[in-house]
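The values are calculated or read from the model by the stated rules, or taken from the named source; none is laboratory data. In this text the structure is predicted, and so the values were computed from the model without any measurement. Every residue, glycine among them, receives a Cβ derived from its backbone with ideal geometry; neighbour counts consider all protein chains shown. Remember, those area values only see protein heavy atoms, side chains included, never the ligands or the DNA or RNA. Shrake-Rupley method; radii C 1.70, N 1.55, O 1.52, S 1.80 Å.
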Amino acid sequence: MKKILSVAAAALLFSSVVSAQPYIITQSDKDRAAEIVSKMTLDEKIELISGKDDGFHTYAIERLGIPSVRMADGPQGVRNKTHSTYYPCGIGLAASFSRDAAKGVGDGIGFDASARGVRIMLCPGVNIYRSPLCGRNFEYYGEDPCLASEIALGYIQGIQQHRVMATIKHFAVNNQEYSRHWTGSVVDERTLNEIYFPTFRKAVEKGDVAAVMTSYNTVNGVHAAESDWLINKNLRAWGFEGIVMSDWKSTYTTLGVLTGGLDLEMPKNFTTKPEMVKPLIENGVVPEANLDIMCRHILQAFIAYGLLDQPAKDESIPEDYEYSRNMAYNAAIEAPVLLANNGLLPLKKGNIVVLGPNANTVAFGGGSGRMDPIPGRNITPLAGLQALGKKYKVQFIENAEFSAEDRKAIEKADAVIAVVGFNNDTEKENHDRTYALPEGQNELIAAAAALNARTVVIINSGGEVDITPFKDNVAAIIMAWYGGQEGGKALADIISGKVSPSGKLPFTFWGSEDKNPAAKYYHALTPEVHVVSSGRDPFPHAVYSEGIFVGYRGVEKFGVKPMFPFGYGLSYSSFEYSNASVTPTADGCEVVFTVKNTGAVDALEAAQVYVAPVKPSVMRPAFELKGFDKKLIAKGKSVEFRIPLSFSDFSYYDVASHDWKVDGGDYKILIGASSADIRQTLDFTVR
Ligand code: BGC
């Protein structure tokens, strides 16, 4: 626990050197952008609305003082032609249930980007976890829009306070990687507004996010990058004034790009070449004013972020920055979820045998989220355990086929740590993954567990995996996600009990592929829909028939009990919840309760507040997460949690009025350690 405190104190010190105020687009930025646009030639406007050939820059227009702006992926660190700090992945940040950890990662990335002259970060990714199979869940923030929004807000604020734009992606309903270019998402309006839009909307309304990236899929029949409904009728209507860019190669028609609300075609001008744009302008099909608006959006964001006035690169920041490493550790220590523990953990001393394909490597999810860490900075799980010191003897068994000596070592060990899971080949962008662990891993775990029941399984993945083959035969299971360069050290600190685990599941762990409410619709693509402009006809559609009952929202609705509920995670300590009260406020209410650490070690606890309508006027989930907080509680001590709820936290999306509505009447407020472990219940009436 000491480590957390000292790093947190360091964070406070450092964060005072950067402004806490995000950069925002002001009227004077807009006026200046309009002034510049009035001086631009048609050719210059056409240049500005697409990326340059290298795929990660915009065009410079030197005559007008507009620089070429460098961008980079995201979200696990600064990517593209650079080595940089590797942070825990998105699902790990969500599992931390910690706004501070997310903000810390954004903060570190903001420093890393500034040090490299990168002023647009292509992150965070916030698509909702609908199925464990989606190959990019590891980049995203889980199944719940309240949790995802709060984590995204922290992350965005962390980045943007450094004068680096964040780009929230992929707008919208890009919840599978299978056939991602050739799939239409068909989703009803209420579900879009209650499940798939809120994280984007909060990032606009509360986070002043500077840029939004559209998705590959069509949304209700129209390509996201060309959708007036999505971009103008929704995103812009929420007050978004920054840059809307396409995902890489997701534009199809010049007319759609020039009229649908997009500002920047990426990575280059597939549909906005001068010879494509000019005839539409010259023949009056598209007013030149549309180009002006696109250029103004781009320039007003650039101006707000000082890109026309200040150098892109901050030479004072080291590329390999100790502060960034600390932020990576802070998130890595709060991310792992202890799923099961028969009491073997924490392991205070002893002989440890380490094995498994991910033990002597730092695992990544693959695709644009895969980055190049700084050489020598990656701490593998094996290295983390080896660094624990004299109380431990650590032996690594590399070969999956155990020799006679290996078998003896495993049998004698005080614990066997099997590090398994996916990597950048088996869980990645543009592909969906298997529900089962990759080939041979269940067998490896079974072989180890047969020799020694004191086997701990550590899993790298972006979501649920099939643990049924070994769950009952091992001593403990830790969901470790992709922990970043400090992940191995964090795991060792948790295994040894230096720090109590405090991550909680940001999705429902069903324990079977079929129980998930989306399972039967997820790959049920309907091929009969035609989207001729896509160049693929017919164009299959994924119909989101589970509607708003995604993840835990489907537990009561479909009467299916998960293996581990949303919000669940074990600690080395125990907590008692008491003294709950709710007090009305001008904007809703404040929920106050006490949590006592009744165990033997200091530990962090993520407490959750759910709202349950008693007699809803429309069909609604039985309860929904509307607030949470995480606090460090010393053993034997009590801490007060104060969670504000606004009236909007009691609302649902009313399709008749196309707006949010709050029913007057009675609600229960459920306070719990997980969605299925409710410790205090309050009554609240909305009048
Ligand atoms: C991904 C985006 C990414 C872009 C640039 C695309 O394939 O979907 O998330 O930012 O590539 O690498």
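The table below lists the values:
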read-out	value
Residues residue 614 and residue 249, FRET efficiency given R0 of 56 Å [Cβ-Cβ distance, rounded to 0.05]	0.70
Surface accessible to a 1.4 Å probe, residue 481 within the full protein complex, Å²	0
Region 575-686 - charge dipole about Cα centre, Lys and Arg +1 at Cβ, Asp and Glu -1, debye rounded to 20	320
Degrees separating the helix 2-15 axis from the principal Cα axis of the chain, which is the longest one	20
Long-range tail of P(r) for region 209-295 (Cα pairs > 14 Å, %)	60
Span from the region 30-45 Cα centroid across to the region 445-466 one, whole angstrom	59
Full-extension gain in nm, residue 229 to residue 399, via 0.36 nm per residue minus C-alpha separation	55.7 nm
Rounded tilt (10° steps) of 99-115 against the dominant C-alpha axis of the chain	60
Per residue accessible area of region 204-354, 1.4 Å probe, in Å²	35
Stretch gain in nm, segment residue 637-residue 41, where the contour uses 0.36 nm per residue and the Cα spacing is subtracted	207.8 nm
Compactness index (Cα Rg / 2.2 N^0.38 Å), the chain	0.95
Probe 1.4 Å, accessible area per residue of region 582-621, Å²	39
Gain upon complete extension [residue 647, residue 314; 0.36 nm per residue less C-alpha separation]	115.6 nm
Where region 29-168 is the region considered: accessible area per residue in Å², 1.4 Å probe	21
Proximal aspartates and glutamates relative to residue 268, as straight alpha-carbon distance under 14 Å, when same-chain residues fewer than 8 apart are discounted	47, 53, 54, 247
Entries in 504/630; 504/557; 103/661; 45/278; 626/661 that, when Cα-Cα distance is taken, lie over 21 Å	504/557; 103/661
Which listed pairs, of 561/635; 348/561; 249/428, have C-alpha distances above 29 Å, in listed order	561/635; 348/561
Distance between region 415-442 and region 625-650 - C-alpha centres, whole angstrom	35
Area accessible to solvent at residue 546, 1.4 Å probe radius, in Å²	10
Approximate spin-label separation residue 322-residue 520, in nm, with each point projected 7 Å along Cα-to-Cβ	5.9
Cα-centred dipole magnitude for region 26-304, charges only on beta-carbon of K, R (+1) and D, E (-1), debye, nearest 20	420
Accessible carbon and sulfur surface of the chain relative to its total accessible area, %, 1.4 Å	50
Ellipticity estimate at 222 nm from DSSP helix runs (n ≥ 4, -39,500 (n - 2.57)) divided over the chain, nearest 500	-7500 deg cm²/dmol
Point-charge dipole on Cβ atoms (K/R +1, D/E -1) for the chain, about Cα centre, debye to 20	1760
